[in-house]
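Q: Handing you a structure now.
Every read-out reported here was derived from the displayed coordinates using simple, explicitly stated rules and does not represent laboratory data. None of these values were measured; they are calculated from a predicted model. Backbone-built Cβ (ideal geometry, glycine too); neighbour counts: all protein chains shown.
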Amino acid sequence: MKRKLLFSGLFIAVIAGPAFAQSEADPAMLQKIRTEGMDHSKVMETAFYLTDVAGPRLAGSPGLKRAQDWAVNQLKTWGMQNANREAWGKFGKGWEVQKNYAAITVPYYHAIIAIPKAWTPGTNGAVKGDVVLVKADTITDLDQYKGKLKGKIVIFDTKTKLPEGTKADLNRLSDEELDRMEKATAQPAGSRRPAGPNPRFAAFARLRALRAAISEFLVNEDVALVLSMARGTDGTVFTTNGASYADTAKAVSPELETSGEDYLRILRLVKAGGKVEMEADIKTKFYTDDLQGYDVVGEIPGTDKKLKDQLVMLGGHLDSWHAATGATDNAAGSAVMLEAMRILKAVGFKPKRTIRIVLWSSEEQGLFGSRFYVLNHFGDPKTMQLKPEQAKVSAYYNLDNGTGKIRGIYLQGDSAARPIFKQWFEPFKDLGASTVTINNTGGTDHLSFDAVGIPGFQFIQDPMDYGSRTHHSNQDTYDRLSEDDLKQAATIVATFVYNTAQRAEMIPRQELPKAQGTN
């Protein structure tokens with residue numbers, strides 16, 4: 001108890017110093033936020049409901065709707081206003097796996113690790129058939145298989161070998177790595193595309209055309225099942241989609257993304273010339289009653305007469321892939337942002353600016369939830385025709401890099417925000433968070449805001465086993481979450497949101513980006 005009181009005194013001394021004078025922060029309120037976030041956290045309870053209870057949250061699926069409905073209800077329970085599922089536009093078909101079984105039966109029985117590719121059909125009941133190797137480097141190579149594949153299970157040749165060893169240890173950013181990020185300098189913006197024809201693009205286009213031709217051929221031949229080799233080792237399957245989610249998409253064959261170990265075993269047996277037989281029973285379901293995409297929205301209204309129409313926004317994407325329950329990608333980020341909102345309500349915070357959380361959908365298909373939200377509310381990055389609300393957003397904070405604790409923040413090139421964020425991180429050096437880098441991390445929803453000139457930031461996080469084991473894989477479950485890291489992250493996010501809401505000025509903005517055009 002004495003140690004806790006001593007720490008509290010030190011914490012207040014830091015946040016009461018001149019560094020925080022500009023933010024108009026209340027040291028007592030900041031201490032309440034830290035105590036609530038670190039000692040009375042609900043973040044793991046929230047994560048449980050978003051993962052184990054809701055299940056996989058593929059875009060448009062019943063699992064995503066379960067998670068969204070729960071989040072809306074929870075925001076209301078915590079006292080947020082305007083909590084709802086907000087439609088952003090047409091997405092396409094929903095889809096889920098309802099049954100998944102596959103095994104080798106000849107030359108012996110072995111149940112395999114495999115996941116149906118997203119938006120592929122099931123087998124329409126149990127099937128059993130020989131495994132046939134298909135080799136096709138050109139479209140004309142398919143002619144030799146005409147009339148020979150009906151009811152067969154197709155496998156393709158590969159020269160891929162699994163690595164001799166794997167490293168899936170939890171990975172923390174070192175002091176040296178963080179120091180390099182801190183000292184990074186802004187790079188000049190280059191051309192998005194190299195001048196002249198790109199041979200890599202041409203090669204990719206040829207490969208895509210061949211794959212499309214093979215897919216159509218296999219459908220016409222009425223194959224029972226297609227096997228493809230998933231990325232991953234040690235039984236980990238990093239899954240993808242095998243067809244389009246568009247309601248007008250062409251039919252494809254049932255397809256299983258198979259663990260590397262099982263795929264290569266089957267391939268070796270087939271190439272050795274012996275009989276290989278498999279059985280499978282896969283049931284998937286498409287949902288077409290509602291093709292709209294939705295985001296979850298909730299607010300803590302501002303109270304200052306001059307500032308309440310301005311916004312501080314925070315969020316992360318709630319959708320996931322289907323092989324597991326999307327714990328680190330991105331129930332972790334969604335749970336942290338929900339927890340940050342809960343913390344701010346629990347401590348009785350009445351912000352000057354309105355605080356708005358949005359949990360995005362269809363991020364995995366191209367940032368659709370955030371891109372269309374920005375288009376509907378703030379402006380069009382293709383034309384840079386901006387709406388009045390664009391000028392009212394102070395900042396957007398995003399979390400989407402797994403379960404690892406926050407180590408700092410990416411500035412996205414916004415150098416004027418550096419001294420502000422350095423000050424705000426001062427009380428969290430003891431929790432390992434202090435790095436502010438001019439760099440950007442791509443591929444997630446803060447980019448939608450940055451594209452229309454709104455300061456959008458993603459926090460730096462420890463990688464843990466995100467890239468090596470959990471990202472889009474069948475290992476992305478609740479058990480991969482780090483409770484201490486999520487508590488730390490939620491506390492820091494809540495503090496950043498608090499400071500942004502109370503600061504006399506909005507977060508500095510960069511020069512407006514150029515219109516992206518229609519390409």
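Q: Quick one: Cα centre-to-centre distance for the range 67-133 and the range 336-415, in angstrom?
A: After rounding, the separation between the Cα centres reads 28 Å.
Q: Looking at the chain, which longest stretch skips every one of the GluC sites (Glu not before Pro) that is in a DSSP loop with at most 15 other Cβ atoms within 10 Å, leaving the sites themselves out?
A: Working: sites that count: Glu24, Glu164, Glu505, Glu511.
Between exposed loop sites, the widest span is 165-504.
Q: Computed over the Cα atoms of the range 272-366, what is the ratio Rg over Rh, Rh following Kirkwood? The partial results should precede the final answer.
A: On the way: Rg = 21.2 Å, Rh = 16.7 Å.
Taking Rh as the inverse mean 1/r over Cα pairs, Rg/Rh reads 1.27.
Q: Quick one: compute the contact order of the range 257-356, relative version, from alpha carbon pairs under 8 angstrom and 6+ residues apart, as a percent. Before the final figure, lay out the partial values.
A: Details: 78 pairs, mean separation 36.0, N = 100.
Relative contact order here is 36 percent.
Q: For the range 79-171, which trypsin sites (Lys or Arg not before Pro) pass both filters: DSSP loop (anything but H, G, I, E, B) and at most 15 other C-beta atoms within 10 Å? Before the final figure, lay out each step's value.
A: On the way: sites: Arg85, Lys90, Lys93, Lys99, Lys117, Lys128, Lys135, Lys146, Lys148, Lys150, Lys152, Lys159, Lys161, Lys167; in loops: Lys93, Lys117, Lys135, Lys146, Lys148, Lys150, Lys152, Lys159, Lys161, Lys167.
Answer by residue number: Lys135, Lys146, Lys148, Lys150, Lys159, Lys161, Lys167.
Q: When Lys and Arg each count +1 and Asp and Glu each count -1, what net charge do the other residues less than 11 Å away from Gln68, Cβ to Cβ, add up to?
A: Numbers: positive: Arg57, Lys65, Arg66, Arg85; negative: Asp69, Glu86, Asp295, Asp319.
Net charge in that neighbourhood comes out at 0.
Q: Taking the Cα-to-Cβ direction at Thr140 and at Glu182 and moving 7 Å from each Cα, how far apart do the two end points lie in nm?
A: Spacing of the two 7 Å Cα→Cβ label points: 6.3 nm.
Q: Can you tell which of Val106, Phe238, Gln310 lies farthest toward the positive end of the dipole of the chain, using +1 and -1 charges on the Cβ of basic and acidic side chains (Lys, Arg; Asp, Glu)?
A: So the residue we want is Gln310.
Q: Could I ask something else about it? Which chymotrypsin sites (Phe, Trp or Tyr not before Pro) does the range 104-134 hold that lie in a coil by DSSP with at most 13 other beta carbons within 10 Å?
A: Counting only loop positions with at most 13 other Cβ atoms within 10 Å, the chymotrypsin sites (Phe, Trp or Tyr not before Pro) in the range 104-134 are Tyr108, Tyr109.
Q: Can I ask one more? Among Gly129, Thr444, Trp95, whose Cα projects farthest towards the positive end of the dipole of the chain, with charges put on the beta-carbon of Lys, Arg (+1) and Asp, Glu (-1)?
A: The residue sitting farthest along the positive end of the dipole is Thr444.
Q: Are there DSSP H segments in the chain that both extend 24 Å or more along their axis (alpha-carbon positions) and score a mean Kyte-Doolittle hydropathy of at least -0.5? List them, or say none. Don't skip to the end; give the middle numbers.
A: On the way: long enough: 199-221 (33 Å, 0.37); 483-502 (29 Å, -0.08).
Sorted by number, the helices that extend far enough and score high enough are 199-221, 483-502.
Q: Taking the structure as given and computing P(r) over Cα pairs in 10 Å bins from 0, in percent, which label from [x] 4, 19, 30, 29, 14, 4, 0; [y] 4, 17, 26, 24, 16, 9, 4, 1, 0; [z] 3, 14, 19, 18, 14, 11, 9, 7, 4, 2, 0 fits?
A: Label [y] holds the value from this structure.
Q: What's the magnitude of the charge dipole for the chain around its Cα centre, counting Lys and Arg as +1 and Asp and Glu as -1 at the beta-carbon? Answer in Debye, nearest 20.
A: Values: 65 positive and 61 negative charges, 139 e Å.
With only Lys, Arg, Asp and Glu charged at Cβ, the dipole is about 660 debye.
Q: Of the options Val296, Phe286, Gly348, report the single residue whose Cα projects farthest towards the positive end of the charge dipole of the range 261-396 (beta-carbon charges: Lys, Arg +1; Asp, Glu -1).
A: Value computed over the given set: Gly348.
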